[in-house]
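One structure is given below, encoded as structure tokens.
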Amino acid sequence: MEQEHKRRVRYNGTHPRRFQDKYKELNPENYKEDVQKIIEQGKTPAGMHIPIMVNEILEVLNIQPGEIGYDATLGYGGHTSRMLEKLEGKGHLYATDVDPIESEKTVKRLQSQGYGDDIFTLRRMNFADIDKVAPGEKFDFVLADLGVSSMQIDNPERGFSFKQEGPLDLRLDPTSGITAAKRLRQLSKEEIASMLVENSDEPYADRIAKAIVRQQRSVGSLETTQQLSAVIENALCFLPAKDRKQEVKKSCQRTFQALRIDVNSEFEVLYSFLEKLPGVLKSGGRAAVLTFHSGEDRLVKQAFKSYYKEGIYSAISDGVIRPTSEECYKNPRAHSTKLRWAVKA
């Protein structure tokens, strides 16, 4: 039976505005030239993730053919594919990711590049369980990129961004745990304010927390991303008009960040990973961690320094390595990135 031909749904205007309509960016393998133009304009195509500081990471990890490695956060697989290239078909790379939606797409993408089960293994688990990824195996190199993938941020159905309407979810694994909407209903004003300060250094934490609780008591629970952003905007209505728009945007970013960290227990996960990391590294094994905000970087810095003083690490980075200005231009999401490394004694 001949398959019925279906025309692509047309949209008004010259460019699709809805995430679901971005047929070129969501199928980049079919529109490589178009996607490259978007990247050259300093933008990240919808549904894609541009790996950050790839050259710096590869220099730090110094991957050799035949080694055994671990990518703690698979994501779009940008770093993963470059590390697999360095193995030259020898050795093995393990990876973990809790996102069932994006990890499945990434595995298919890597398989299409020729990386099968003989050299690559994905574990659907949290990197807090680094000691259970390959029991009995020690790693020559480990990478943890702690950033949220652009595919997750761009997809309004995941609720990671206040820029588009979507459910207030924010779970990295949408099949388990509780949503951000439910989490807010569980917290008191004081607990919300504390979360905003601890997870994102939000300067207007008390005002925003008070506005959230007042909204939930008078109108009902906050169920969507733009309902929450509207509450934040109202909470900051006291600011001078000339500064308000930018300050509201920053507070929305910080609030969503704080909620995401809380919903996914990101600090607890990172602490567990850093505590177990020396135990899975071979002598001379290299570890690199990419962080995206001060709370994460503090934890990494403290852990690396502590284990270095104890003689567990033979060397650690003196300070942070930052992306070049050229990379930040091409990929604005790289601006806040910090890279730290350590070598097992």
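With respect to being modelled with pLDDT under 95, open to solvent by 40 Å² or more (accessible area, probe 1.4 Å), polar (S, T, N, Q) and over 22 Å from Phe127 (Cβ atoms), Ser176 falls outside the description. When each of Lys132, Lys138 is tested for being touching a residue at least 12 places away in the same chain (Cβ under 8 Å) and touching a strand residue (DSSP E or B) at 6+ places or on another chain (Cβ under 9 Å), the lone residue that passes is Lys138.
Looking only at region 200-238, residues that are of a type outside the set (Val, Ile, Thr), open to solvent by less than 70 Å² (accessible area, probe 1.4 Å), free of Cβ contacts under 8 Å to residues at least 24 places away in the same chain and assigned to a helix (DSSP H, G or I) come to 4 in all.
No other residue among Lys163, Lys182 is in a helix (DSSP H, G or I) and at negative phi apart from Lys182. For region 145-159, filtered to residues that are open to solvent by less than 30 Å² (accessible area, probe 1.4 Å) and out of contact with any Phe, Trp or Tyr (no Cβ under 7 Å at 6 or more places or on another chain), the residue that is farthest from Tyr70 (Cα to Cα) is Gly159. Considering Glu102, Glu67, Glu85, the condition of being closer than 21 Å to Leu277 by Cβ and open to solvent by 10 Å² or more (accessible area, probe 1.4 Å) is satisfied by Glu67 alone. Counting the residues of region 315-334 that are closer than 24 Å to Phe304 by Cβ and either touching an Asp or Glu at 6+ places or on another chain (Cβ under 6 Å) or assigned to a loop (DSSP other than H, G, I, E, B) (or both) gives 9.
Pairing each residue of region 176-199 that is free of Cβ contacts under 8 Å to residues at least 40 places away in the same chain with any residue that is of a type in the set (D, E, K, R), provided the two are 6+ apart or on different chains, yields C-beta distances under 6 Å for Lys189/Lys210; Ala193/Asp206.
This table checks each residue for (1) open to solvent by less than 30 Å² (accessible area, probe 1.4 Å); (2) modelled with pLDDT of 95 or more.
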residue: Pro240; (1), (2): no, no
residue: Arg244; (1), (2): no, no
residue: Glu247; (1), (2): no, yes
residue: Gln253; (1), (2): no, no
residue: Gln257; (1), (2): no, no
residue: Gly285; (1), (2): yes, yes
residue: Ser314; (1), (2): no, yes
residue: Ala334; (1), (2): yes, no
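Only residues that are closer than 14 Å to Thr121 by Cα and free of Cβ contacts under 8 Å to residues at least 60 places away in the same chain: list them for region 73-86, please. Within region 73-86, Leu74, Gly77, Thr80, Ser81, Leu84 meet the criteria. For region 267-289, residues that are touching a residue at least 40 places away in the same chain (Cβ under 8 Å) and under 30 Å from Ala209 (Cβ atoms) total 6. Out of Val107, Val148, Val98, one residue alone is of a type in the set (Val, Ile, Thr), farther than 16 Å from Ala288 by Cα, at pLDDT below 95 and in contact with an Asp or Glu (Cβ under 8 Å, 6 or more places away or on another chain). It is Val98.
Residues in region 185-199 that are part of a helix (DSSP H, G or I) and not aliphatic (A, V, I, L, M) were compared, and the one that is surrounded by the most Cβ atoms within 10 Å (Cβ to Cβ) is Asn199. Restricting attention to region 280-291, does a residue exist that is among the hydroxyl-bearing types (Ser, Thr, Tyr) and in a helix (DSSP H, G or I)? Within region 280-291, not a single residue is among the hydroxyl-bearing types (Ser, Thr, Tyr) and in a helix (DSSP H, G or I).
The values are calculated or read from the model by the stated rules, or taken from the named source; none is laboratory data. All values derive from a computational prediction rather than experimental measurement. All Cβ positions, even for glycine, are placed from backbone atoms using ideal geometry, and neighbour counts span all protein chains on display. SASA here: full protein model, heavy atoms, side chains in, ligands and nucleic acids out. Shrake-Rupley method; radii C 1.70, N 1.55, O 1.52, S 1.80 Å.
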